[in-house]
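Below: one structure, written as structure tokens.
The values are calculated or read from the model by the stated rules, or taken from the named source; none is laboratory data. From a predicted model like this one, the values you see are computed outputs, not experimental measurements. Cβ sites come from the backbone with ideal geometry, for glycine too, and all protein chains shown count toward neighbours. For the accessible areas, the whole protein counts, side chains as well, though only heavy atoms, and no ligand, DNA or RNA atoms are used. Shrake-Rupley method; radii C 1.70, N 1.55, O 1.52, S 1.80 Å.
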Amino acid sequence: MKVLVISGFLGAGKTTFITEMARKCRRKFVVMENEMGAVGVDGGFLSSSLGEGIEVWEMTQGCICCSMKSDFATSVLTIESALQPEYLLVEPTGVGMLSRIMDNLSKIAYERIEVLSPITILDSLNYRQSHLEFPELFEDQISSAGTVVFSKAENRIERMKASYNKVS
């Protein structure tokens, strides 16, 4: 099983990215959804969007980088042995420390679990605000990512065009 972590702040587009990736790749996926609250918000959306053949595993009421660290590791091992997907896509809470998640995964990686380089999704409209409000988390998610993807770029381009037209 290959494990891919897709991080990013709340509203950055992680769930949309996962949905599109799963649709286009057509592989056997399990998606692990981490929500801080008691009720998972994205899990139901993912289940209905992805359809049959893709399992959604929800972990709620804590963060997989700290308070649910051992539960996370156990869940990854359980998914590998019970469901045997080709890929496990992990969507941590938007305020998780990516470096801690990756460190935890490195401890359980073995011949049947391969940890891929993580992806961080940044909202092109709000990344500066995220950096100002949560500098340590922001810098951790960027420096720990193998790839950084900017989402909502089309909205930024439209804003730039509107600003340009006002000046002209």
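Based on this model, can you work out whether Val95 counts as out of contact with any Phe, Trp or Tyr (no Cβ under 9 Å at 6 or more places or on another chain) and of a type in the set (Val, Ile, Thr)?
Answer is no for this residue.
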Exercise. Any chance the range 69-79 includes a residue that's at pLDDT below 95 and in contact with a Lys or Arg (Cβ under 8 Å, 6 or more places away or on another chain)?
Worked result: yes
Problem set entry | Residues being under 14 Å from the mean Cα position of the chain (by Cα) and either among the aromatic types (Phe, Trp, Tyr) or open to solvent by 50 Å² or more (accessible area, probe 1.4 Å) (or both) - total across the range 103-120 | 1
For this session: Determine whether the range 92-104 contains at least one residue that is modelled with pLDDT of 85 or more, of a type in the set (D, E, K, R) and over 30 Å from Glu154 (Cβ atoms).
Result: yes
Problem set entry | Complete set of residues in the range 49-80 that are surrounded by fewer than 21 Cβ atoms within 10 Å (Cβ to Cβ) and aromatic (Phe, Trp, Tyr) | Trp57
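Quick one: which of Gln129, Gln84, Gln141 is in contact (Cβ under 8 Å) with a residue 12 or more places away in the chain and out of contact with any Ser or Thr (no Cβ under 8 Å at 6 or more places or on another chain)?
Gln84
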Exercise. Of all the residues that make up the range 81-99, how many are open to solvent by 50 Å² or more (accessible area, probe 1.4 Å) and either of a type outside the set (A, V, I, L, M, F, W, C) or on the phi > 0 side of the Ramachandran plot (or both)?
Worked result: 3
